[in-house]
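Here the structure comes first, spelled out in structure tokens, and everything after it is commentary.
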Amino acid sequence: MRIFLTAAMLALTAAGSALAADLPSKKMAPMLPPPPPPPLWSGFYVGLNAGYTWDERGNVLVNSPANIWAVGASGSGALATSNDGFIGGGQIGYNYQFGQTFVVGVEADIQGVGGSNSSATVGNFVTPVSSAITASKQLDYLGTVRGRAGYLISPTLLLYGTGGVAYGQANLNATVTQTGLNGATGSATVGFSDTRVGWTAGGGVEWLFMPQWSAKAEYLYYDLGRASASNTLAFQGVNVGATTVSSSFKGHVVRAGVNYHFNLFTPPAPVVAKF
């Protein structure tokens with residue numbers, strides 16, 4: 001009998017140990033790694049920008065009939081003009097963040113240009129004909145549509161490159177005046193005013209200083225190509241030939257801006273169960 005009781009107690013003890021092993025234990029809860037931070041940059045944004053722009057001091061070239069032209073033996077004159085000053089406007093864009101390192105997106109912007117419109121005049125007085133030309137050029141506004149690709153130096157600091165299409169309202173004007181014997185004069189005004197389309201490239205840095213606000217500093221180079229126009233020059237009542245004017249529109253932009261991020265498609269952080 002004693003042997004039977006001893007065996008029964010041993011069996012109960014073993015069963016209790018096995019049942020206790022199957023019960024959940026706080027000490028044996030699985031150790032899950034912390035979840036990665038959510039993508040902070042994904043989503044739409046809008047913002048404002050302001051800065052400074054300057055062109056490449058490209059000459060305005062004016063060509064007129066050589067048989068009565070007195071500025072240069074080739075019948076042409078080159079006038080250096082500049083178009084520098086304030087630039088400001090707004091932008092809208094979309095970012096998508098890959099993991100914790102890369103951000104790509106697209107941005108469109110448009111800015112008004114308040115640059116100084118400097119003109120230049122050159123003249124040469126050769127008997128019996130004196131000649132002079134005055135020329136100027138100006139950019140009224142500048143817009144771009146660009147792709148962006150960047151690297152996250154930290155979760156809130158983005159270093160990026162950008163490039164795409166640029167467009168702007170380009171104005172180009174030149175007036176040619178010639179005076180001959182007995183004060184007889186001839187003149188022609190040549191002008192161009194139209195939207196030019198070209199390309200732009202640059203880069204910048206953007207800092208997400210609040211969950212939905214960022215500040216950026218950016219440099220862009222733009223090239224809108226070359227514009228030209230022509231008109232007929234009349235001298236002493238006779239049309240003697242066409243006068244042409246041409247110049248390139250290219251330059252630089254340095255600006256700062258601020259963006260508000262909507263973050264409409266940023267997924268919420270995953271919920272981790274706690275025991």
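Nothing in this text is a laboratory measurement; each read-out follows from the coordinates by a stated rule. As the structure is a prediction and not an experimental result, all values here were calculated from the model. So basically every Cβ, Gly included, is an ideal-geometry build from the backbone, and we count neighbours across all protein chains shown.
Working note: Karplus 6.51/-1.76/1.60 with θ = phi - 60° gives segment 172-178 the couplings 9, 9, 8, 10, 10, 10, 10 Hz, where Gly and Pro are set to x. Net charge around LEU157, counting only other residues with Cβ within less than 12 Å of its Cβ (Lys, Arg = +1; Asp, Glu = -1)? That sum, taken over residues with Cβ under 12 Å, equals 0.
Counting other Cβ atoms within 10 Å as a rough exposure proxy, the listed residues LEU157, LEU32 run LEU32, LEU157 from fewest neighbours to most. Amide H to amide H, with H built 1.01 Å from N, LYS250 comes under 5 Å of GLU56, LEU224, counting only residues 5 or more places away or on other chains.
Shown for VAL205, VAL190: other C-beta atoms within 10 Å of each C-beta, ranked fewest to most, produce the order VAL205, VAL190. Ranked for footprinting exposure by Cβ neighbours inside 10 Å, fewest first, PHE86, PHE209 give PHE209, PHE86. The distance between label points at GLN100 and ALA242 comes to 6.5 nm (points 7 Å beyond Cα on the Cα→Cβ vector). Amide H contacts of SER42 (H built 1.01 Å from N, in plane; Pro and chain starts excluded): GLN97 sit under 5 Å, all sequence-distant by 5 or more or on other chains.
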